[in-house]
Amino acid sequence: MQVATGSSILNGIAIGKIRIYKAPKFEIKEALVDDPAPELERFEQARVKVQDQQQVLYDKAVKAAGEESAAIFQFHMDMLDDDDLLDAVKTIITDQHHTAEYAAQHGFENTAQMFKDMDDPYFQARSADVLDVGNSVISVLLGLDTDSLQGSEPSILVAEDLAPSETVRLDKSLLLGMITREGSSTSHTAILARSMNLPTLIQCKDISDDWDGKFAILDGYNSCVYIEPTQDLIDSLTKKRNEDLRQEALLQELKGKTNTTIDGKTIKVYANIGGPQDVGAVQVNDAEGVGLFRSEFVYLNSTEDPSEEVQFQAYKRVLETLAPKLVIIRTCDIGADKTIDYMNLAKEENPALGFRAIRISLSRKDFFKRQLRALLRASAYGNLGIMFPMIISLREVRECKEILEECRKELEAEGKNVSDKIQIGIMVETPAAAICADALAEEVDFFSLGTNDLTQYTLAIDRQNAKLEPFSDTHHPAVLKEIQMTIEAGHRHGCWVGICGELGADTTLTETFLRMGVDELSVNPRSVLPLRKVIRSIDLSRNPEEGNA
Ligand code: PEP
Ligand code: MG
């Protein structure tokens with residue numbers, strides 16, 4: 001048995017085989033062949049193999065999430081039967097004597113472009129699917145079988161590092177847990193892992209390629225992974241995992257109950273989400289609303305800048321499904337660790353202190369307006385809050401509101417319905433915003449404390465830099481003071497104040513936040529019920545020195 005340690009970002013246990021994850025790198029040379037026949041045959045074999053893979057995924061998805069969620073795999077299979085698409089690839093092989101992989105790359109890319117050029121937003125969005133299927137076919141042709149990415153069995157995925165864009169694309173039904181050599185606890189990959197309820201170990205320096213296929217237990221409680229564990233360990237950790245499942249089932253009894261302390265103070269507990277795919281988790285965990293919809297994941301999930309229509313559909317789906325619950329959608333917070341090729345952002349020396357979030361939106365007005373118009377149109381379908389990220393000044397808030405008003409007028413002139421009850425808020429995630437909270441509160445309906453960035457900027461500790469974790473202190477008095485100042489300033493000006501950073505789910509601070517007067521905590525969906533349990537056990541009428549029973 002080998003034991004490797006790391007830093008755990010979720011208390012939980014995953015038991016299963018290890019799968020080493022290596023993102024495929026395509027290197028397709030433009031070589032010509034004398035005889036096209038073998039290339040046609042190779043293409044056909046790859047096509048059939050990918051069809052089979054998609055069928056397996058389809059069957060799994062139907063079982064796990066129903067027909068609607070599985071429909072995407074059906075679409076992939078249909079595509080692999082589409083005569084026009086297949087002819088496009090075969091013609092490149094037969095007429096131009098190119099290799100099967102070269103022909104597949106160009107055939108699928110041309111078809112994806114055709115989808116992209118269509119007027120219907122549904123078909124435009126399918127362009128990414130065409131490329132995905134094309135990549136699967138090319139992977140098979142290059143011997144980078146997509147099986148080697150996640151396999152067909154649920155497994156514990158081991159990787160050097162995972163970018164947020166890679167993590168969102170992983171097939172969750174095949175994931176038991178994740179282990180990376182790099183990564184930090186407040187990186188977006190870690191946040192995603194928490195929201196996916198995946199035991200995850202980061203900074204595991206001993207990962208090794210020869211773990212591939214070995215049986216292992218990821219023990220999130222003890223921040224380690226056991227490779228080929230002893231039978232005693234398998235027995236005791238299986239028992240512990242079953243106990244976790246039992247406790248989770250017990251939490252279900254808190255559904256429908258209020259988030260009220262023993263002495264009668266009620267606060268709101270909302271959920272953080274990354275897109276329409278997380279709405280089910282909001283409902284299952286009985287969150288009262290969404291306190292943070294990180295809209296940039298709609299952008300990260302797309303291979304091109306999403307159109308107003310594509311965004312409108314995503315926001316509408318969330319608002320409509322959750323109505324009348326409040327859904328706070330944060331405008332795009334791209335930059336820093338969340339980079340997207342199509343945004344063409346220059347490489348920077350200090351990306352966390354650089355061109356990100358509202359700075360990009362205010363510099364690229366068309367880009368910003370596209371999102372604001374989509375949000376305003378979607379507002380007609382539910383209860384919307386709009387929140388601006390990385391604010392440091394009154395000037396920025398006023399400019400955001402002016403552009404929002406400009407969009408509202410445009411839409412009204414176009415005869416489109418827009419709600420007149422949209423709440424406007426800002427993230428308080430820079431020391432500047434916390435210090436100027438009195439002035440900022442005059443401009444908005446609510447504040448949401450982004451403690452991940454607030455901690456990063458207050459302590460001057462790059463949240464992406466794993467080396468700095470020993471210097472970081474998530475309970476640093478300076479951060480707690482800023483939280484208190486922000487809550488008090490907000491309340492002085494009639495603004496409600498929530499916390500949507502990871503600290504909101506830290507139950508060792510729940511009583512402190514309640515005593516500070518926080519109005520809302522927004523946490524990953526699976527933390528909603530555990531947080532409710534803690535809130536219901538707190539008695540604020542007791543002397544804080546005595547603690548709660
Ligand atoms: C935060 O900074 O606390 C926050 C909620 O935003 P993000 O983690 O997406 O930067
Ligand atoms: Mg932030």
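The values are calculated or read from the model by the stated rules, or taken from the named source; none is laboratory data. Just so you know, these numbers come straight off a predicted model, no measurement behind them. Here the Cβ positions follow ideal geometry from the backbone for every residue, glycine too, while neighbour counts run over all protein chains shown. Side chains are part of the model used for accessible areas, which takes the heavy atoms of the whole protein and leaves out ligands, DNA and RNA. Shrake-Rupley method; radii C 1.70, N 1.55, O 1.52, S 1.80 Å.
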Next item on the list: Taking the residues in segment 431-489 that are open to solvent by 50 Å² or more (accessible area, probe 1.4 Å) and polar (S, T, N, Q) as candidates, determine which candidate is nearest to ligand 2 (Cβ to nearest atom).
Entry: GLN464
Check: Counting just the residues of segment 504-520 that are open to solvent by less than 30 Å² (accessible area, probe 1.4 Å) and assigned to a helix (DSSP H, G or I), which one comes out farthest from ligand 1 (Cβ to nearest atom)?
Finding: LEU514
Check: When only residues in segment 265-320 that are open to solvent by 40 Å² or more (accessible area, probe 1.4 Å), free of Cβ contacts under 8 Å to residues at least 60 places away in the same chain and more than 22 Å from PHE367 (Cα to Cα) count, which is farthest from ligand 1 (Cβ to nearest atom)?
Finding: THR266
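Residue by residue through segment 336-354, note down the ones that are of a type outside the set (A, V, I, L, M, F, W, C), within 18 Å of the chain's Cα centre (by Cα) and within 16 Å of ligand 2 (Cβ to nearest atom). Walk me through how you get there before you give the answer.
Initially, segment 336-354 is screened for residues of a type outside the set (A, V, I, L, M, F, W, C), giving 337-339, 341-342, 344, 347-351, 354.
Restricting the remaining residues to those that are within 18 Å of the chain's Cα centre (by Cα) gives 337-339, 341.
Matches in segment 336-354: ASP337, LYS338, THR339.
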Next item on the list: Please work out which residue is nearest to the chain's Cα centre (by Cα), limiting yourself to segment 378-396 and to residues that are surrounded by fewer than 23 Cβ atoms within 10 Å (Cβ to Cβ) and assigned to a helix (DSSP H, G or I).
Entry: GLU396
Margin query: Filter segment 449-503 down to the residues that are within 20 Å of the chain's Cα centre (by Cα), in a loop (DSSP other than H, G, I, E, B) and modelled with pLDDT of 95 or more and list them by number.
Written below: GLY450, CYS500, GLY501
Notebook entry, point to check: Taking GLY151, is it modelled with pLDDT of 85 or more and either open to solvent by less than 20 Å² (accessible area, probe 1.4 Å) or touching a helix residue (DSSP H, G or I) at 6+ places or on another chain (Cβ under 7 Å) (or both)?
Noted result: no
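Assess whether SER379 counts as being more than 16 Å from ligand 2 (Cβ to nearest atom), of a type in the set (S, T, N, Q) and over 29 Å from ARG463 (Cβ atoms). Before the answer, list the steps.
Working: more than 16 Å from ligand 2 (Cβ to nearest atom): yes; of a type in the set (S, T, N, Q): yes; over 29 Å from ARG463 (Cβ atoms): yes.
When the stated conditions are applied, SER379 passes them.
Pull up segment 321-344, narrow it to residues that are more than 16 Å from ligand 1 (Cβ to nearest atom) and crowded, with 17+ Cβ neighbours inside 10 Å, then point me to the one that is nearest to GLY498 (Cα to Cα).
Residues of segment 321-344 that are more than 16 Å from ligand 1 (Cβ to nearest atom), as a first pass: 321-326, 341-344.
Subset that is crowded, with 17+ Cβ neighbours inside 10 Å: 322, 325-326.
Details: LEU322: 20, LYS325: 16, LEU326: 13 Å.
Among those that are more than 16 Å from ligand 1 (Cβ to nearest atom) and crowded, with 17+ Cβ neighbours inside 10 Å, it is LEU326.
Here is a yes/no grid of residues against (1) in contact with a helix residue (DSSP H, G or I) (Cβ under 7 Å, 6 or more places away or on another chain); (2) within 16 Å of ligand 1 (Cβ to nearest atom); (3) among the hydrophobic types (A, V, I, L, M, F, W, C); (4) over 26 Å from LYS325 (Cα atoms):
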{"position": "GLU414", "(1), (2), (3), (4)": "no, no, no, yes"}
{"position": "GLU442", "(1), (2), (3), (4)": "no, no, no, no"}
{"position": "PRO470", "(1), (2), (3), (4)": "no, no, no, yes"}
{"position": "HIS475", "(1), (2), (3), (4)": "no, yes, no, yes"}
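Residues are listed down the side, and each one gets a yes or a no for (1) of a type outside the set (Lys, Arg); (2) part of a helix (DSSP H, G or I); (3) open to solvent by 30 Å² or more (accessible area, probe 1.4 Å):
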site	(1), (2), (3)
HIS76	yes, yes, no
ASP81	yes, no, yes
ALA88	yes, yes, yes
ILE93	yes, yes, no
ALA103	yes, yes, no
GLY107	yes, yes, no
ALA112	yes, yes, no
